[in-house]
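The values are calculated or read from the model by the stated rules, or taken from the named source; none is laboratory data. No experiment lies behind these values; they were computed from the predicted model shown. We place every Cβ from the backbone using ideal geometry, glycine too, and count neighbours over all the protein chains shown. Ligands, DNA and RNA are excluded from the accessible area calculation, which covers all protein heavy atoms including side chains. Shrake-Rupley method; radii C 1.70, N 1.55, O 1.52, S 1.80 Å.
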Amino acid sequence: MAGIGYDDHDDGKPGFFARWFYSTNHKDIGTLYLIFGIISGIIGGYLSFMMRMELSEPGIQIFENGHAYNVFASMHGLIMIFFMVMPAVIGGFGNWFVPIMIGAPDMAFPRMNNLSFWLLPVALICLLISFFVPGSASGNGFGGGWVMYPPLSTSGAPGPAFDFIIIGLLAAGFSSIFGAINFITTILNMRAPGMTMHKMPLFAWSVLVTAFLLLLALPVLAASLFMLFTDRIDGGTGFFDPAMGGDPEMFQHLFWFFGHPEVYIMILPAFGMVSHVVSTFSKKPIFGYLGMAYAMVAIGVVGFVVWAHHMYTVGMDVDLKAYFLAATLVIAVPTGVKIFSWLATMWGGSISFSIPMQWALAFIFLFVLGGVTGVMLANAGVDVALHDTYYVVAHFHYVLSMGAVFGIFCGFYYWFGKMSGYLYNKWLAAAHFWLFFIGVNVIFFPQHFLGLNGMPRRYVDYPQEFELWNQVSSFGAYITLAGVGFFLLMLVEAFIRKRPAGANYWGDGATTLEWTLSSPPPYHQFNTLPRIEQNDEH
Amino acid sequence: MRLVHNITASLALLLIMPGIAFANKPTDGGYWLQDAATPVMEELTKLHNFVFWIILGITLFVMVMMGWIMFRFSAKRNPTASKTTHHVGLEVAWTIVPIIILLVMVVPSMRLLYFQDALPETEMTIKVTGNTWNWEYAYPDHPNVESFISNPLEKEDAGDLYLLKTDASLVVPVDTKIKVLITSSNNLHSFAVPAFGIKMDAVPGRINETWFEVNPGKEGTYFGQCSELCGVNHYKMPIEIEVVSKEDFQSWVANDGAFTTAVVSYDNGSIVLQD
């Protein structure tokens with residue numbers, strides 16, 4: 001995408017190297033984040049495709065042993081979460097559109113923004129190095145899962161592979177913390193005159209809530225990673241080592257105190273984008289704007305007090321489990337508010353089914369599906385049967401692989417013309433949508449059956465009874481791959497054909513500030529700050 | 001084609017889903033919980049099925065609503081959009097109704113949780129230790145039975161039961177409340193037996209406990225698999241439990257943990273004479 005399409009706005013744009021490597025412009029950094037997200041997505045997708053090929057029949061076909069499979073599974077999780085979803089939704093769309101939507105010329109701390117981005121490639125390189133250096137006695141790489149539970153991440157992984165992951169994740173974590181500080185400062189201080197908090201577009205709200213979650217959750221991850229690091233040193237600490245008075249379960253509490261808010265970090269910006277798309281293509285303002293905004297705040301707050309529902313089988317006290325059961329169910333309420341408000345926004349609307357709207361509709365439906373299995377898993381009693389089975393895998397891929405990722409594509413198609421200045425080819429985009437939609441459902445729906453029937457997660461090989469649904473699931477991987485192929489084809493085609501996009505190519509329904517600017521927006525927007533009308537009610 | 005046939009057959013079965021009895025291990029193309037062998041798993045299955053109908057109802061409701069909205073309010077049928085953005089009654093309703101549904105759900109859910117967790121007066125104890133990568137079983141109440149290691153069988157010996165079958169199964173009596181103490185010698189593991197409705201992590205430096213009581217008439221061999229990532233052979237540390245009659249268990253104990261030739265054992269539900 002580099003260097004294309006900005007020629008008619010000569011307003012102090014630096015040369016190629018300075019522009020893309022020293023970038024302090026929020027739009028350029030957003031573009032870098034998006035490119036980075038696409039590259040990571042391809043790496044993470046390759047890892048998962050290899051896993052699906054391995055699992056398409058019983059026996060060990062592709063991987064050398066269980067360790068190699070575990071390495072792929074662990075790295076798939078880490079790369080998709082830290083290097084694909086988070087950079088895309090927060091770094092990419094957040095950087096691009098939060099300043100524009102609130103009527104600000106740029107982010108509050110442009111140089112810190114640059115640092116946030118450039119920490120990520122360094123982090124990803126650390127993770128990629130870990131593939132090729134010794135992990136455990138069974139081979140290279142770290143195979144302890146994305147959750148990195150000790151002792152498998154301490155005494156169980158003596159080689160340097162996991163040290164590289166710690167360093168990489170610390171870098172990625174600091175990148176996110178800096179990003180969060182930047183977003184909070186920008187949103188609280190740099191809104192245009194008249195842009196009160198209660199007039200702020202929902203995407204900006206979602207990024208604000210997400211930034212607070214990042215700011216509070218990631219230091220806990222950083223601390224627990226550092227504790228792992230010192231535990232790993234010979235003669236070091238023993239925070240998680242029972243032989244030294246430590247407790248491995250302590251790590252799980254610390255990890256999930258970060259890990260649960262993390263899932264909302266990934267999904268909340270998607271909520272924000274879907275809200276805009278639903279409103280735009282229904283040609284109606286968002287229904288229950290305040291309810292939508294505060295539902296996200298509620299999800300963020302409650303998200304911090306439910307972490308141990310990931311740990312129902314570790315041997316916790318029953319009263320503690322009862323509390324986490326109840327608290328977890330509470331999350332269903334604000335989530336329900338959001339779902340019903342989207343439906344009510346569409347109700348009475350004049351709906352056009354453009355590509356972004358198709359992704360948004362699919363998002364809503366699939367998120368409901370993933371959400372209700374979450375209600376099932378919240379029941380600590382039932383979770384005993386489902387914990388660490390493929391039911392859980394199906395559940396979190398429905399909310400992430402179909403929630404967050406559908407949100408990302410929804411936003412991508414919605415703003416593609418705005419960001420690049422070019423229109424995409426509808427047929428290629430439709431092929432991408434339908435193949436992807438069918439593909440991921442074929443992959444993940446049968447995994448509910450596998451989980452109910454008792455197939456545990458993170459297995460390189462399985463009893464023959466599980467063959468049928470694994471076969472179906474792997475078949476879905478081919479369909480999804482074809483979908484991704486069309487996505488890349490769509491990108492290439494759009495940049496070759498260069499069909500120019502107007503300032504507001506979606507028409508009446510698109511009412512936020514980015515649609516008042518040209519496509520792509522000028523290198524520096526809002527030299528004169530926009531003034532938001534007092535009676536411009538949501 | 002076989003795949004297609006299997007899927008159609010399974011989809012047909014989906015319509016009459018809950019309540020179909022399954023065996024004590026995963027079933028070919030199985031799509032539901034394994035058949036319950038203990039009161040806890042019976043209750044767990046009941047709660048699962050209860051919650052299942054609720055979440056199915058919610059999903060269908062949203063699906064039908066979306067379908068109707070997409071049909072009725074498409075740009076073609078409804079060229080001018082309304083401007084309604086508030087309806088207090090509606091907003092209160094979609095907050096209150098989910099709360100009521102959750103309250104209806106939380107009562108049986110708590111009941112199951114406490115039933116599962118509250119250890120009753122157990123009649124005997126077994127101790128399970130997770131190693132990399134096998135299970136070790138001990139009988140503290142029966143000191144003459146030496147603790148033993150249960151290793152997975154290789155494909156040649158296990159045949160169709162590869163990754164389930166072991167060289168030495170845990171032997172327990174039927175109709176007896178059994179306390180299970182679970183720990184680990186190194187990595188985390190998880191002792192999981194789906195048909196019993198138990199899954200408890202094996203954590204080094206910690207002894208977790210759970211319990212089960214196999215229903216009368218449910219003698220047979222049951223299988224489970226390690227359910228917490230424990231390294232290279234995580235997939236290959238199955239759990240095999242042989243549930244025998246109380247008399248057979250007594251003679252097994254009297255014989256220092258070995259079946260005499262006269263005693264029968266149970267393989268996959270059918271009785272097999274030992275040589």
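Which one of B:84, B:210, B:129 has the biggest mean-square fluctuation once chain B is modelled by GNM with Cα springs under 10 Å? Highest fluctuation of the listed residues: B:84. Placing +1 on the Cβ of every Lys and Arg and -1 on the Cβ of every Asp and Glu, with no other charges, gives chain A a dipole of roughly 1380 debye about its Cα centre. For chain B, list the DSSP H helices whose alpha carbon atoms reach 24 Å or more along the long axis and whose average Kyte-Doolittle value is -0.5 or above? Flagged H segments are B:39-72, B:88-117.
Pairs of Lys residues in region B:124-256, spaced 8 or more positions apart or belonging to different chains, with C-alpha separations under 20 angstrom: 19 in total.
Dipole check for chain B: with +1 at the C-beta of Lys and Arg, -1 at the C-beta of Asp and Glu, and the Cα centre as origin, the magnitude is about 2080 Debye.
Peptide B:45-55 is shielded by partner chain Cβ atoms: per residue, an average of 4 of them sit within 10 Å of its Cβ. For the pair residue A:318 and residue A:445, label points projected 7 Å from Cα toward Cβ lie 3.9 nm apart. Among A:126, A:410, the order of accessible area from largest down is A:126, A:410, computed with a 1.4 Å probe on protein heavy atoms.
Note on A:248-257: average number of Cβ atoms from other chains within 10 Å of each residue's Cβ is 2. Calculate the spin-label point distance for residue B:176 paired with residue B:93, positioning each point 7 Å from the Cα along the beta-carbon direction, and give it in nanometres. Roughly 5.9 nm, to one decimal. Taking the Cα atoms only, what angle lies between the long axis of helix A:426-452 and the longest principal axis of chain A, rounded to 10 degrees? So the helix axis and the longest Cα principal axis differ by about 30 degrees. Sorting A:17-27, A:170-180, A:301-311 by average packing, meaning the other beta carbons within 10 Å per residue, from highest down gives A:170-180, A:301-311, A:17-27. Between helix A:26-54 and chain A there is an angle of about 40 degrees, using the helix long axis and the longest principal axis of the Cα atoms. Ranking B:120, B:64, B:150 by how far each Cα lies toward the positive end of the dipole of chain B (charges on Cβ) leaves B:64 at the top.
Selection among A:17, A:81, A:464 by position relative to the dipole of chain A gives A:17 as farthest towards the positive end (Cβ unit charges, Cα centre). Helical content alone sets the calculated 222 nm signal of the protein assembly as shown at -17500 deg cm²/dmol, taking -39,500 (n - 2.57) per DSSP H segment of four or more residues and averaging over every residue. Of the residues B:208, B:186, B:78, the one that moves most in a GNM of chain B with alpha-carbon contacts below 10 Å is B:78.
Take the Cα radius of gyration of region B:124-256 and divide it by 2.2 N^0.38 Å, N being the number of residues; the result is 0.99. Counted residue by residue at 0.36 nm each, then reduced by the alpha carbon distance between them, the extension gain from residue A:125 to residue A:35 reaches 30.9 nm. The calculated FRET efficiency for the pair residue B:209 and residue A:62, based on their C-beta separation and a Förster distance of 35 Å, comes to about 0.30.
Counts of other chain beta carbons within 10 angstrom of each beta carbon in peptide B:187-200 average 5. With a cut-off of 14 Å between beta carbons, the residues surrounding residue A:225 carry a summed charge of -2, where Lys and Arg count +1 and Asp and Glu -1. Axis angle, to the nearest 10 degrees, between helix A:66-78 and the longest C-alpha principal axis of chain A: 30 degrees. Largest GNM mean-square fluctuation among B:198, B:54, B:182, using chain B with Cα springs under 10 Å: B:54. In terms of its alpha-carbon gyration tensor, region A:16-144 comes out prolate; a/c meets the 1.5 threshold, and the first ratio a/b outweighs b/c.
Net charge of the neighbourhood of residue B:157, taken over other residues with C-beta under 12 Å away and scored Lys/Arg +1, Asp/Glu -1, is -2. Around the Cα centre of region B:124-256, unit charges on the Cβ atoms of Lys, Arg, Asp and Glu (plus for the first two, minus for the last two) sum to a dipole of about 480 debye.
Charge tally around residue A:247: other residues with Cβ under 10 Å, Lys/Arg +1 each, Asp/Glu -1 each, net -1.
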